[in-house]
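Everything below concerns the one structure shown next.
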């Protein structure tokens, strides 16, 4: 099916492309590739009159709002002190004054933030999702977006996880059930 994007009703939602998240290795796409593709889509969508949203994750200054359930495989800072620039959106993305910046305190970008409010006030009904990590921040946001009735486009080559299997499982098993999986090239062609 051909991809059609109506820029005025579309938002690119970029998940966690911040210094502390892009630093570790990612797969199947490097963080450098993911960031470059996200930057291309952001520039194209802005030019076409769409909305660009950058989401980054960070604990509050006192760290008391961090999630601390007991798990078998802890995720996150694990009590270590984060560097001061950990939550900064990478400079290659060059956020503009017209962009929306959302700070989240957990995996998903909707819970406890004003993301839904900002999208609805702008008339957005379609979300183009990308970022790191496919199976954590992107997937959590995608599930919430689906439950809120948004149309979704998942840009497979503009997202990555810590390993290939995590990424592939989410892209193959979940995303086709709640939206459409496409490439950066297909998204850019549909924006024009």
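The residues on offer are 100, 90, 171, 128, and the sole one that is within 12 Å of the chain's Cα centre (by Cα), closer than 26 Å to residue 26 by Cα and surrounded by 15 or more Cβ atoms within 10 Å (Cβ to Cβ) is 128. For the range 167-186, a residue qualifies if it is free of Cβ contacts under 8 Å to residues at least 60 places away in the same chain and under 26 Å from residue 20 (Cβ atoms), and the qualifying residues are 169, 170, 171, 174, 175. Out of the residues in the range 32-47 that are in contact (Cβ under 8 Å) with a residue 60 or more places away in the chain and surrounded by fewer than 19 Cβ atoms within 10 Å (Cβ to Cβ), which is nearest to residue 187 (Cα to Cα)? This residue is 40. Only one entry in 73, 8 is touching a residue at least 60 places away in the same chain (Cβ under 8 Å) and either on the phi < 0 side of the Ramachandran plot or within 12 Å of the chain's Cα centre (by Cα) (or both), namely 8.
Restricting attention to the range 143-166, and to residues there that are assigned to a loop (DSSP other than H, G, I, E, B) and in contact (Cβ under 8 Å) with a residue 40 or more places away in the chain, which single residue is farthest from residue 16 (Cα to Cα)? Checking each candidate, the answer is 163. Considered as a group, the residues in the range 49-64 that are farther than 23 Å from residue 192 by Cβ and either assigned to a helix (DSSP H, G or I) or within 15 Å of the chain's Cα centre (by Cα) (or both) include one that is modelled with the lowest pLDDT, and that residue is 58. In the range 29-48, the count of residues that are at pLDDT 95 or above, within 15 Å of residue 134 (Cα to Cα) and part of a loop (DSSP other than H, G, I, E, B) is one or more. Inclusion of residue 164 among residues that are under 16 Å from residue 34 (Cα atoms) and out of contact with any helix residue (DSSP H, G or I) (no Cβ under 9 Å at 6 or more places or on another chain) is warranted.
Among the residues of the range 134-156, the ones that are within 16 Å of residue 31 (Cβ to Cβ) and surrounded by fewer than 24 Cβ atoms within 10 Å (Cβ to Cβ) come to 3 in all.
The values are calculated or read from the model by the stated rules, or taken from the named source; none is laboratory data. This one's a predicted model, so the numbers in the text were calculated from it and none came from an experiment. Because the Cβ atoms are built from the backbone with ideal geometry, glycine has one as well, and the counts that use them run over all protein chains shown.
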